[in-house]
Amino acid sequence: RLKKESDIDGIRKACKLVIETLSLVESIIKPGLVTDDINTLVHDFTIKNHATPAPLNYRGFPKSVCVSINEVICHGIPGDYALKDGDIVNVDVTSILDGYYADANQTFFVGTPAPDAKKIVDVARESLRQGLSMVKPGNTVGDIGWAIQNYAEKEGCSVVREFVGHGVGFEFHEPPQIPHFGRKGDGIELIPGMVFTIEPMINLGGHMLRVLRDKWTAVTRDASLSAQFEQTIHVTDDGYDSLTPYEL
Ligand code: MF3
Ligand code: CO
Ligand code: CO
């Protein structure tokens with residue numbers, strides 16, 4: 001479903017709250033912080049702003065935000081883990097405001113990163129930039145995936161296949177799917193009024209994953225580090241507009 005101007009206005013408001021939430025989280029990240037405290041902060045801040053945390057009870061997810069550390073690719077469940085110096089931590093926030101969904105995430109350093117942590121976070125960040133650079137009417141979904149995969153693999157990293165970007169706005173996950181791998185020209189054409197996420201999950205080692213017994217936490221099979229950045233974007237007449245425009 002394409003979005004009209006009034007829908008974009010609504011989604012933009014939800015997106016503004018999501019980026020404010022992410023920057024609030026960033027401001028408290030430090031060694032010793034317990035991941036459940038990130039959940040409490042996100043939950044309370046969302047409610048205080050008259051919004052709803054979309055992850056809570058989504059398909060049985062037990063918390064209000066995903067917190068994914070080191071070899072966790074995505075869907076980490078906040079709990080009693082205390083962040084330690086050198087960790088990388090991805091925080092993925094999805095909020096519903098006035099019925100509109102906004103979805104974005106960032107990976108943060110805890111304290112001082114080791115070279116491999118710096119490398120995977122830099123490659124994941126640039127992977128999102130490469131994907132964004134392909135977004136304009138007439139290009140296809142496959143162009144986005146191709147650009148990301150081509151870049152990440154040249155850097156010696158790998159792209160997760162099982163989780164993809166997605167249409168968003170009226171619901172948490174809408175068509176179309178936006179794979180972060182693929183071939184130039186494949187898939188549907190991009191059209192003004194589309195709103196979707198690009199959210200490449202990039203691994204330092206192989207692309208294979210495993211899901212823990214909690215049925216949510218996805219980790220790299222080879223225990224290598226994984227990082228991710230996600231933005232919600234709007235396809236415009238001549239390109240795109242990020243609705244969650246944090247600095248990349
Ligand atoms: N925010 C994730 C995404 O980018 C989805 C999380 S589903 C949850 O699509 F249930 F784990 F929250
Ligand atoms: Co998403
Ligand atoms: Co997300």
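The values are calculated or read from the model by the stated rules, or taken from the named source; none is laboratory data. Only a predicted model underlies this, so the values are computations on that prediction, with no experimental measurement involved. FYI the Cβ positions are ideal-geometry reconstructions off the backbone, even for glycines, and counts take in every protein chain you see. Heads up: the accessible areas ignore ligands, DNA and RNA and are worked out on the full protein's heavy atoms, side chains in. Shrake-Rupley method; radii C 1.70, N 1.55, O 1.52, S 1.80 Å.
Of the conditions (1) away from ligand 1 (no atom under 15 Å from the Cβ); (2) touching an Asp or Glu at 6+ places or on another chain (Cβ under 8 Å), Asn105 clears all except one; give me its number.
In the conditions (1) away from ligand 1 (no atom under 15 Å from the Cβ); (2) touching an Asp or Glu at 6+ places or on another chain (Cβ under 8 Å), Asn105 misses (1) alone.
Taking only the stretch 96-136 into account, find how many residues are surrounded by fewer than 24 Cβ atoms within 10 Å (Cβ to Cβ) and of a type in the set (Gly, Ala, Ser).
Going through the stretch 96-136 one residue at a time, the tally reaches 5.
So Arg213 passes all but one of these: (1) touching a residue at least 12 places away in the same chain (Cβ under 8 Å); (2) more than 20 Å from the chain's Cα centre (by Cα); (3) open to solvent by 20 Å² or more (accessible area, probe 1.4 Å). Which condition number does it fail?
Every condition holds for Arg213 apart from (1).
Can you tell me which residue in the stretch 29-69 is nearest to Gly10 (Cα to Cα), limited to those that are over 19 Å from the mean Cα position of the chain (by Cα) and basic (Lys, Arg)?
Lys48
Could you list, in sequence order, the residues of the stretch 137-157 that are farther than 21 Å from Asp241 by Cβ and buried (at least 23 other Cβ atoms within 10 Å of the Cβ)?
Initially, the stretch 137-157 is screened for residues farther than 21 Å from Asp241 by Cβ, giving 142, 146, 149-157.
Trp146, Gln149, Ala152, Cys157, listed by residue number.
Can you pull out every residue in the stretch 1-28 that is touching a residue at least 40 places away in the same chain (Cβ under 8 Å), open to solvent by 30 Å² or more (accessible area, probe 1.4 Å) and more than 20 Å from the chain's Cα centre (by Cα)?
Arg1, Leu2, Lys4
Counting residues that are within 16 Å of ligand 3 (Cβ to nearest atom) and more than 18 Å from Leu212 (Cβ to Cβ), which strands (runs of 3 or more DSSP E) fully inside the stretch 22-132 reach at least 2?
Here the list reads 88-97, 100-109.
Among the numbered criteria (1) more than 29 Å from Arg12 (Cα to Cα); (2) in a loop (DSSP other than H, G, I, E, B); (3) of a type outside the set (Lys, Arg), which one does Trp216 miss?
Going through (1) more than 29 Å from Arg12 (Cα to Cα); (2) in a loop (DSSP other than H, G, I, E, B); (3) of a type outside the set (Lys, Arg) one by one, Trp216 breaks only (1).
Within the stretch 173-192, how many residues are open to solvent by 70 Å² or more (accessible area, probe 1.4 Å) and in contact with a Phe, Trp or Tyr (Cβ under 7 Å, 6 or more places away or on another chain)?
Within the stretch 173-192, residues that are open to solvent by 70 Å² or more (accessible area, probe 1.4 Å) and in contact with a Phe, Trp or Tyr (Cβ under 7 Å, 6 or more places away or on another chain) number 2.
Quick one: count up the residues across the stretch 159-175 that are touching a helix residue (DSSP H, G or I) at 6+ places or on another chain (Cβ under 7 Å) and more than 16 Å from ligand 3 (Cβ to nearest atom).
First, the residues of the stretch 159-175 that are touching a helix residue (DSSP H, G or I) at 6+ places or on another chain (Cβ under 7 Å): 159, 169, 172.
Now drop any that are not more than 16 Å from ligand 3 (Cβ to nearest atom), which leaves 159.
Final tally of qualifying residues: 1.
Taking the options Val89, Val72, name whichever one is closer than 16 Å to Trp216 by Cα and under 15 Å from the mean Cα position of the chain (by Cα). Reasoning before the result, please.
Values: Val89 fails: closer than 16 Å to Trp216 by Cα.
Being closer than 16 Å to Trp216 by Cα and under 15 Å from the mean Cα position of the chain (by Cα) holds for just one of Val89, Val72, which is Val72.
Is there a residue being within 24 Å of Pro200 (Cα to Cα) and out of contact with any Asp or Glu (no Cβ under 6 Å at 6 or more places or on another chain) anywhere in the stretch 39-47?
yes
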